[in-house]
Amino acid sequence: MERDLALLAPELTLAATAMLMIIAEMFRAARVVLAIGLAGLAAATLLTLPMLSVDATVFGGTYRIDLISGWAKLILLPGTALSMLLVRAEIAGRPREGSVQALVVLVTLGALMLSGAGDMMVVVIGVVLTGLGSFALVAWPRDDAATEAAMKYLVFGAVTGSVMIYGLTFWFGGAGSTLFSELGQLRGQTFVTIAGLIAIIVGLGYKGSLVPFHFWAPDAYQGAPVSIAAYLSVITKAAAFFAFAQVLRDLPRDGGWPLGLALISAATMTYGYLAALVQTNLVRLIAYSSVAQSGYFLMGVVALGVSGFAVPAIVVFAAAYVAMNLGAFAVVMVAGRSLEDLRGLGRSNRWLGVAMVVFVLSLTGIPPLFGFVGKVYLFVAALEAGFLWLAVIGILNSVLALGVYLRMVVPMYRDADAAPTIATAPVLALVLAATAAATLGLGVLAGLLLP
Amino acid sequence: MIWLAFTLLAPLGAALAVFALRRAPEGFALAGAALGLAGALGLFAGAAGGAEISAALPFLPDLPIRLVAGPLTATLALVVATVAAMVLTYAVGYMARDPERPRFFGTMLMFVTAMQLLVLSGDWITLLAAWEMIGFASYLLIGFWHGRKGVPGAAMRAFLYTRTADLGLYLAAFLLIGVAGTSEISATLSTTGTPALIAGLLLLFAAMGKSAQVPMQDWLMRAMAGPTPVSALLHSATLVAAGAILLIRTAPMLPGGALLAIGLVGGITAVVTGLMALASKDLKRLLAASTASQYGLMLIAVGAGVPIAALLHLIAHAAIKSALFLGAGVFQHDRESIDLDTLAGAGRARPGIFAGFAVAALALAGLPPLAAFYSKDAILAAALDSPSAAWLLPLALAGSVLTGAYMGRALKVLWSGAAETPHDKVPLMAVGMSVLVALAATLGFVFKPLEAMLGAHLAEPGWVVPVMGLAVGLAGLALGGLLAPARLLGRLLVPARNGFPLAGGMDAIVVRPAMAIADACERFEQHLLALVLAMGRLNLRIGDRAQSTDRDTIDRAIFGLVDRTIALGTRARRLQSGFIHREMALTAAGIALVTGVLLAAPLYF
């Protein structure tokens, strides 16, 4: 029991941090709330570092402390800290600022539970914990658009969540246990395997905005504050794919389900980019682009269990995706929500333009940026799993991606005098510098850092 | 190792210094180019001495960055460094009055770095990175004068065309890595059978984009929008050369089918773009079309199985074409135009520059003892000996006649007409150009030792091929000098001038279908939305009906309370607006779809 609690130190720290933040919010001390939150995240990150080589489970195997959950913490916790700075920059001094920050930390706690899930019930709790907090975050502005977006998000979440719980009962029935480590018992029971898997795809696919469960994402991102959209687009999504990795690595590869997942992956990336091609609202454009990125994530999931590259691919791509997508959203916060707002920006705000080009090229997957490294791992994993055609579709989609992303870059370098110089708030500049440095530098260093 | 560092880091360091300090860009550019040239000379000397210099830097696990300076790559690095140094010298004079010189020289140096990285790369991942970098840098350079009309469009077009073709390189690289299990280029060249054929065709596709082969030749003509030194650099030894270099380096792997395809693409390009050059109305477009045509000749050599001939022609062409562009730049400088009608007589006004231009032009036409005489002979001999001589030789000969014809035409136009005295001296431009002209004239004499160094032995030419080559060169010059293009081309003139719009149909093949699919998806989603909205409205109408019944009957009884309820109901209705129904319907449809996919997938497994 004591060993279990010691291994859970990062999660417990995070839970305590959230409680402290809520108490501080009662005194309306938004700065204190932010400080507590950042300190708690830093402490949790530091506590994770010595545990990276641990491979253990706690509480009877229901929660895993392993490579996936360790790297998930190292990616999600700093990503959350950057998101909190974005939130601060957007809604500083407005009502309920501290509540928003506390909710962000709580949702991240749910994301960590998803990333370490060793049991069906932990996945359910993780989905609910991330979901409830997210609905409230999206509804924060209290205007019609935000309320409607939150409502859609809630209804979608309720339906997919109940389908997931229903479907998981099949696995429980077939394996006789709710532990994922017992899923091997399902070997030979193809129908039960597929039924439970559909449930998982519905529940986690909704969190990770896979086609055809992506419909909520553009509306929710558009209705929510930009910083919240940025947060949801990276943290809960990455957590969903970490959870996929935890669940599916134990599932027997019966019934050809990897092929089904590969088809969903191909559909997601293609549909996301095609839809992004016709958007004029910048937030919606990035929303559809992050739908497409989910398709790339799924390539790693497809290769789980047969390719040694699958888990590293998901981890590296998640790190790259968190850095570059947060960065792109930070640029939107400086510039504005419409494609028109980008016009001439690269000339009037030189460094902002450079940062945006870095993010966009990384999202496209141009070497030597971090996004490219992540995609190389994903392609290699897919190839090793025997899905050459999926890798080819992934590469073909990079042309569409370039079309999508050039729509952002090209206006930035036209019409020199159209845009005024915008003063970037110091907090935003900090986030931009951190994400751009990660996108640029980690791509080169990735080979040295990873086993 | 130290020479490798010089070759790559000198231009890179100079570029970074220019971008960071934003002053004295000329000094940094010349120093960077000189040091880079010294490094390349060191590499070449090492390779000539039989020592292959290579380095492996840690990058991805099992996929280190490899740099290799063997005989072939060291030679190419030297060509790139030489042309870059001369072009930058010229550019110091050419750009003297441009306010944005730091950006210009910084980007040029970046471009040179990327090109050296491409040439020296020993693994596919580094090659891909360098390939992307030269694409991006060339986009910036072609669009350098972005304020002028049509320039951003030209840069964009160049980028999109080459980018589409890049897909071929990505696919080929991943295929080769997948088959060979390593990213080292030399190790992947032992691939055989179907994978080699597919990879060869994919590489050809990539090379067609970068080297502007038919039907992707259009972007090169429009890429003339950049400053003249940019054209000189891009067209001679760098951007356009990347495609041919790729094929020359992978030639040992290519099976017969891929070789035939390469030869045919090259041959068709040599003829089609040769006609375009002859029909062209301005000097830079003429030279641009000529570039595509010469690279077509190189592809013929690769297709005939003699990549060494292609390499020799690439080297000769690098010196010749950069000299021609630099000359054209001086004439443009004088007359503020590149229109051939306006340029009439421009050569007479500057006899020195014109002499250099003429030497380079005659060299390209293949007159002995100038450089391209030897390399073109090698190509003709290769075409004659190849198993598909019936296809390749006529195309190669036609391409050579056209080369003579458009060069003859350019010389005639520049010389005939009224000369005006030029208003200034151009010493730096003349220095850069004269070195290149000297190389264009004399490079032919080093080809023999170069062949020995590369370990390749071209067959001793008999008398047939040189005579044939000389005859077509002279015939072309005579035709171009004596007859107007309208007489020569007849009805072909207008389509050739417009760049053979049917052949250059990339827009129709790639851009329009992609947009059409995107539109169709958008429409589909709108239809879906309309359908679901209609369902929602129906529901609301039923609700309204019920509500009004309620109002009619109960309202009278319980006044205030019901009014309040109705007010609440209106607020709720705005929230619902049919959208929640849509979410439900979409969720159900999505679950059904996923179930279908997962259940159906095993049937085809």
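Things worth noting here:
- For region B:393-481, the square roots a ≥ b ≥ c of the C-alpha gyration tensor eigenvalues yield an a/c of 1.5 or more together with a/b not exceeding b/c, which makes the shape oblate.
- nm² value of the averaged projected area, convex hull over the Cα atoms of region B:222-375: 8.6 nm²
- Restricting region B:174-244 to chymotrypsin sites (Phe, Trp or Tyr not before Pro) that sit in a DSSP loop and have at most 11 other Cβ atoms within 10 Å of their own Cβ leaves nothing.
- Rounded to 5, percent antiparallel among DSSP beta bridges of the protein assembly as shown: 100 percent
- Cα pair distances exceeding 21 angstrom across region B:321-417, given as percent: 40 percent
- Relative contact order of chain A, defined on C-alpha pairs under 8 angstrom at six or more residues apart (%): 14 percent
- Residue B:492-residue B:419 FRET efficiency (beta carbon distance; Förster radius 25 Å; 0.05 resolution): 0.15
- Computed over region B:143-504, Cα set: Rg, Dmax in Å: 19.7, 65
- For the protein assembly as shown, the spherically averaged projection of the C-alpha convex hull amounts to 47.1 nm².
- Förster-model FRET efficiency, 41 Å R0, residue B:459 and residue B:341, C-beta, rounded to 0.05: 0.35
- In this simple spin-label approximation, residue B:55 and residue A:280 carry label points 7 Å from Cα along the Cα→Cβ vector, and these lie 5.2 nm apart.
- The calculated FRET efficiency for the pair residue B:478 and residue A:350, based on their C-beta separation and a Förster distance of 56 Å, comes to about 0.50.
- Residue among B:478, B:431, B:417 farthest towards the positive dipole end of region B:387-487, charges placed on Cβ: B:417
- Charged-residue dipole, Cβ positions (Lys, Arg, Asp, Glu), region B:30-185 about Cα centre, Debye nearest 20: 720 debye
- Full-extension gain in nm, residue A:4 to residue A:56, via 0.36 nm per residue minus C-alpha separation: 17.8 nm
- Quotient of the Cα radius of gyration of region A:1-111 and 2.2 N^0.38 Å, N being its number of residues: 1.11.
- Rounded to the nearest 500, the helix-only mean residue ellipticity at 222 nm of the protein assembly as shown stands at -25000 deg cm²/dmol, with each DSSP H run of n ≥ 4 adding -39,500 (n - 2.57).
- Kirkwood Rh and Cα Rg combined as Rg over Rh, evaluated for chain A: 0.95
- Gyration tensor (alpha-carbon) shape descriptor, region A:164-317, a/c threshold 1.5: prolate
- Listed cross-link partners B:149/B:321; B:284/B:321; A:207/A:375; A:152/A:207; B:284/B:412; B:284/B:376 are compared with a 18 Å cut-off, the Cα-Cα value being larger for B:149/B:321; A:207/A:375; B:284/B:376.
- Remark: spin-label model distance residue B:448-residue A:341 equals 7.1 nm, labels positioned 7 Å along the Cα→Cβ axis.
- Cα gyration tensor shape of region B:1-142, rounded if a/c is under 1.5, else prolate or oblate by comparing a/b with b/c: prolate
No value in this document is a laboratory result; all are computed from the given coordinates. Since the structure is predicted, the reported quantities are computational estimates derived from the model, not experimental observations. Every residue, glycine as well, gets a Cβ built from its backbone with ideal geometry; the counts of neighbours run over all protein chains shown.
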